[in-house]
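Notes for the one structure printed next.
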Amino acid sequence: MAVAVHDTALGRLRGGLGHLGNQQKLGLMFAVAAIVALLFGSWMWSQTPDYRVLYSNLSDRDGGTVISSLQQMNIPYKMAEGGGAILVPSNQVYEVRLRLASQGLPKGSVVGFELMDGQKLGMSEFQERVNYQRALEGEITRSIQSLSAVQGARVHLAIPRPSVFIREQQKPSASVLLSLYPGRNLDAAQVSGIAHLISSSVPELPVKNVTVVDQNGNLLTGAGDGAAAHAGLDPSQLDYLHQVEQSYVKRIESILTPIVGLDNVRAQVAADLDFSMVEQTAETYKPNPAPNEAAIRSQQMSETNGDAGKQASGVPGALSNQPPGAASAPITAAAGSGGGASGAAASSANIHKESTVNFEVDKTIQHVRQQIGGIKRLSVAVVVNHRKDAKGANKPLTPAELSQVQNLVKEAMGFNQARGDTLNVVNAAFTEREVEEIPAVPLWKEPGNMALVKEIGKNLLIAALLFYLVFGVIRPVLRDLARPHAHARADATGEEGEEAAVISPEAAAKAAQAAGYEENLKAAKELAKQDPRVVASVVKDWVGTE
């Protein structure tokens, strides 16, 4: 029974296909072909992996080496951006990078000390020196390119030939060209770090002989800003100056925030620091103290006794050598006087005494070394916002409150009038910032959901096309093929080539009845021609019955 029904349906389908016009047949064929193409394309699309960039901006040499390695590992790849980028399936990117890194790929256009591996016999001293310099430049370039802000670098070393004469000896020099990533800059400390890196890599290369330039030709080494450049401060001193200023700012804001509230105080500090290194040695002598207060260091005393008879006596000079004159005094007096003089000369003795006393000298030796980076002067400016009363209106601080704030700032900064510190505290209303509302990012625009949205959109598009082809084109045609069909001729205009129209079931039944009536009428006419008696008898019976 089922086979018979199947044959009947198949027969109706074949019959319906035979009654279809050319345009309907073409539409049905196009729909079936589109469905097959969509199914095959969606299957191929699902089987095609998502490719991501493995390496970009590779040189021709590295690109060819990487492609050869990928072919040996049987990993599919694509070329993009004019051959400057190599793409591999997204699920194999990190694995392939690790496997290529184990092979030392990509090597890059920079050649390091591996250049020394291919040394040949018979090379001259000049060639060996040139290869060593190239290898050293390559290694320094690789070290600089490892910085996050540096995209590429070129290093040129000028190493003079060694000389045995001191006057002819020259120091090496280096020049560096940096290519930075878009939007990235190097601060003074990073530039100084690059210069010290190169100086430490080349023997006897001073830091001052290193020149660093960016891709725009701007000189990065030895560049300063404002007064700091004229003062000759190095990056470490600038950092220390900023740290000192910021520490004072934090002190002031932290002590005033509990009083005036958060975001209601702003402070700026300008510090004048002394980075000069001063060493001083002083030796001071005080005035001589009194003898009884001074300490005796050493003392020497000497005494000499001599005989008076062996010594010359009398009054020295020419008058003592003249002969004596006539005596005028009495004899008794002269005798007494002469006896007394000889006794005194006989009893007198020659005594010589010497005494030397050395006292300790009061001396003070002082060695002073001043601290580097000492504060010479502080200039502080503080702005305090107005208070808000209960009604929300701005209200300035009272003189007592402003004086309290000023005293707190003085204590926080260590105000010293002797060294010339200045402080300016101002109470003013802050301008309220307008908060810009950032529109919420739609869910489908988030980076993590873009791939999911694309995949869903792709599947929905394929499903919509299949739904339209199946239910909008093929299903109506198949449904009409399973029903009775009738073909209508051209209308009164007599147009030829118009195809038969598909009618509804009621119209098909009426058409079938009309077709049967025409056939019966034709058969009756043929019978009347062949046997008129029978037709006359039938008509007679109809008339008699009525």
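Are any residues in segment 177-192 open to solvent by 40 Å² or more (accessible area, probe 1.4 Å) and hydrophobic (A, V, I, L, M, F, W, C), and if so, which ones?
Across segment 177-192, the qualifying residues are L177, A188, A189.
Suppose we keep only residues that are at pLDDT below 80 and hydroxyl-bearing (S, T, Y) within segment 268-297. Which one would you say is most open to solvent (accessible area, probe 1.4 Å)?
Ranking the candidates gives Y285 first.
So which of G122, G108, G82 is under 30 Å from L186 (Cα atoms), modelled with pLDDT under 85 and outside any helix (DSSP H, G or I)?
Matching residue, one of G122, G108, G82: G108.
Residue-wise test of (1) of a type outside the set (A, V, I, L, M, F, W, C); (2) at pLDDT below 80; (3) in contact with a strand residue (DSSP E or B) (Cβ under 7 Å, 6 or more places away or on another chain).
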{"residue": "A312", "(1), (2), (3)": "no, yes, no"}
{"residue": "A327", "(1), (2), (3)": "no, yes, no"}
{"residue": "Q371", "(1), (2), (3)": "yes, yes, no"}
{"residue": "L378", "(1), (2), (3)": "no, no, yes"}
{"residue": "K388", "(1), (2), (3)": "yes, no, yes"}
{"residue": "L402", "(1), (2), (3)": "no, no, yes"}
{"residue": "V405", "(1), (2), (3)": "no, no, yes"}
{"residue": "K410", "(1), (2), (3)": "yes, no, yes"}
{"residue": "A418", "(1), (2), (3)": "no, no, no"}
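Okay, residues lined up against (1) small (G, A, S); (2) farther than 30 Å from D239 by Cα:
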site: Q119; (1), (2): no, yes
site: V130; (1), (2): no, yes
site: L136; (1), (2): no, yes
site: I140; (1), (2): no, no
site: I144; (1), (2): no, no
site: A153; (1), (2): yes, no
site: P172; (1), (2): no, no
site: S175; (1), (2): yes, no
site: A189; (1), (2): yes, no
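Within 60 Å of the chain's Cα centre (by Cα) and either modelled with pLDDT under 65 or in a helix (DSSP H, G or I) (or both): is that true of D62 in this structure? Outline the logic, then answer.
Details: within 60 Å of the chain's Cα centre (by Cα): yes; either modelled with pLDDT under 65 or in a helix (DSSP H, G or I) (or both): yes.
Yes: the conditions hold for D62.
Matching residues to (1) surrounded by 13 or more Cβ atoms within 10 Å (Cβ to Cβ); (2) closer than 30 Å to V380 by Cα; (3) at pLDDT 90 or above; (4) more than 24 Å from the chain's Cα centre (by Cα):
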{"position": "L197", "(1), (2), (3), (4)": "yes, no, yes, no"}
{"position": "V202", "(1), (2), (3), (4)": "yes, no, yes, yes"}
{"position": "D214", "(1), (2), (3), (4)": "yes, no, yes, no"}
{"position": "L219", "(1), (2), (3), (4)": "no, no, no, no"}
{"position": "A223", "(1), (2), (3), (4)": "no, yes, no, no"}
{"position": "G226", "(1), (2), (3), (4)": "no, yes, no, yes"}
{"position": "L233", "(1), (2), (3), (4)": "yes, yes, no, yes"}
{"position": "D239", "(1), (2), (3), (4)": "yes, yes, no, no"}
{"position": "E245", "(1), (2), (3), (4)": "yes, yes, yes, yes"}
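(1) of a type outside the set (D, E, K, R); (2) open to solvent by 50 Å² or more (accessible area, probe 1.4 Å); (3) part of a helix (DSSP H, G or I); (4) modelled with pLDDT under 75: which one isn't true of G41, the others all being true?
Of the numbered conditions (1) of a type outside the set (D, E, K, R); (2) open to solvent by 50 Å² or more (accessible area, probe 1.4 Å); (3) part of a helix (DSSP H, G or I); (4) modelled with pLDDT under 75, the odd one out for G41 is (2).
Which of the residues spanning segment 405-425 are within 21 Å of P258 (Cα to Cα) and open to solvent by 20 Å² or more (accessible area, probe 1.4 Å)?
Result: Q406, N407, L408, K410, E411, G414, L423, N424, V425.
Taking the options R129, R142, R134, R161, name whichever one is part of a loop (DSSP other than H, G, I, E, B), within 30 Å of A195 (Cβ to Cβ), open to solvent by 70 Å² or more (accessible area, probe 1.4 Å) and not aliphatic (A, V, I, L, M).
Values: R129 fails: part of a loop (DSSP other than H, G, I, E, B); R142 fails: part of a loop (DSSP other than H, G, I, E, B); R134 fails: part of a loop (DSSP other than H, G, I, E, B).
Matching residue, one of R129, R142, R134, R161: R161.
The values are calculated or read from the model by the stated rules, or taken from the named source; none is laboratory data. Bear in mind the structure is a predicted one, so any value in this text is a computation, not a measurement. Cβ: placed from backbone, ideal geometry, glycine included. Neighbour counts: every protein chain shown. Remember, those area values only see protein heavy atoms, side chains included, never the ligands or the DNA or RNA. Shrake-Rupley method; radii C 1.70, N 1.55, O 1.52, S 1.80 Å.
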